[in-house]
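**Q** The structure is given below, and queries will be raised subsequently.
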Amino acid sequence: MQNNQMQALSPKELNYIADSISNEELLIKQCAATASITHNPQIQQALNHYARSHEQHLNTLVNALQQHQSIAPTQSQ
């Protein structure tokens, strides 16, 4: 029997995901910026491909956070 119930993410896991999101955003910006200034079409195409790949990674991370949001414990500040 398979357990389909999600467990809340630990603070360490949340920090890791937040750092990964920041890294993916930076990589997207760097790929796009470099692609916009290069004169080599092959390099430009490769950089645009990498930017799309990092966008997919970013979307996966954000979706993971959204799925766990409903079960996350709330913190008082």
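The values are calculated or read from the model by the stated rules, or taken from the named source; none is laboratory data. None of these values were measured; they are calculated from a predicted model. Using ideal geometry, Cβ is built from the backbone for each residue, glycine included, and neighbour counts are taken over all protein chains shown. The protein model used for the area step is the full one, side chains on, heavy atoms only, and it has no ligands, DNA or RNA in it. Shrake-Rupley method; radii C 1.70, N 1.55, O 1.52, S 1.80 Å.
**Q** Modelled with pLDDT of 95 or more and acidic (Asp, Glu): does that describe Glu13? Working first, answer last.
**A** Values: modelled with pLDDT of 95 or more: no; acidic (Asp, Glu): yes.
Considered against the rule, which asks whether it is modelled with pLDDT of 95 or more and acidic (Asp, Glu), Glu13 comes out as no.
**Q** Which one is farthest from Glu24 (Cα to Cα) among residues in region 46-59 that are polar (S, T, N, Q) and surrounded by 12 or more Cβ atoms within 10 Å (Cβ to Cβ)?
**A** Asn48
**Q** Still on this structure, please answer the following. Does region 42-56 contain any residue that is touching a Lys or Arg at 6+ places or on another chain (Cβ under 9 Å) and modelled with pLDDT of 95 or more?
**A** Scanning region 42-56, I find at least one residue that is touching a Lys or Arg at 6+ places or on another chain (Cβ under 9 Å) and modelled with pLDDT of 95 or more, so the answer is yes.
**Q** Considering region 27-41 alone, what residues qualify as being surrounded by 13 or more Cβ atoms within 10 Å (Cβ to Cβ) and out of contact with any helix residue (DSSP H, G or I) (no Cβ under 7 Å at 6 or more places or on another chain)?
**A** Within region 27-41, Gln30 is the sole residue that qualifies.
**Q** Let me ask something else. Just one of Glu13, Glu24 is in contact with a Leu (Cβ under 6 Å, 6 or more places away or on another chain) and either open to solvent by 90 Å² or more (accessible area, probe 1.4 Å) or free of Cβ contacts under 8 Å to residues at least 40 places away in the same chain (or both); which is it?
**A** Matching residue, one of Glu13, Glu24: Glu24.
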